[in-house]
Amino acid sequence: MAARPGYEIVARIGTAAIRQKSLRQTGRMIALADEYDFRVVSPREAERRGGTVCLDVPHAAEVCQALLASDVLLDTGRA
């Protein structure tokens with residue numbers, strides 16, 4: 001029952017529209033990473049890319065600490 005509203009939203013909007021928005025957002029993230037010289041380790045090709053963009057950021061541990069301290073949601077890829 002908890003998931004029902006989510007199913008209704010997907011049915012109303014459609015998966016194609018959701019995918020297009022995801023591609024716009026991930027494309028923008030990749031463009032910004034390129035602008036700031038961060039190495040993108042996710043696939044760049046839209047047909048190979050999911051909804052996540054992975055970056056290899058210099059001094060990642062320190063960057064993660066600063067972002068987490070500012071309540072930014074992120075995944076460091078560590079267990």
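Say we look at region 33-47 and pick out the residues that are among the aliphatic types (A, V, I, L, M) and in a helix (DSSP H, G or I); which of these is modelled with the lowest pLDDT?
Ala46
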Verdict on Pro5 being open to solvent by 60 Å² or more (accessible area, probe 1.4 Å) and part of a helix (DSSP H, G or I): yes
Conditions (1) assigned to a helix (DSSP H, G or I); (2) free of Cβ contacts under 8 Å to residues at least 24 places away in the same chain; (3) surrounded by 12 or more Cβ atoms within 10 Å (Cβ to Cβ); (4) among the hydroxyl-bearing types (Ser, Thr, Tyr); number of the one not met by Ser22: (2)
Cβ pairs under 7 Å, 6+ apart, first in region 57-75 and without any contact (Cβ under 8 Å) to a residue 12 or more places away in the chain, second β-branched (Val, Ile, Thr): Val63/Val57
Conditions (1) closer than 21 Å to Ala16 by Cβ; (2) assigned to a helix (DSSP H, G or I); (3) open to solvent by less than 60 Å² (accessible area, probe 1.4 Å); (4) of a type outside the set (Asp, Glu): number failed by Val63: (1)
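The values are calculated or read from the model by the stated rules, or taken from the named source; none is laboratory data. Here the structure is a predicted model, which means the values were calculated and not measured. So basically every Cβ, Gly included, is an ideal-geometry build from the backbone, and we count neighbours across all protein chains shown. Just the protein is used for accessible areas: all its heavy atoms, side chains included, with ligands, DNA and RNA removed. Shrake-Rupley method; radii C 1.70, N 1.55, O 1.52, S 1.80 Å.
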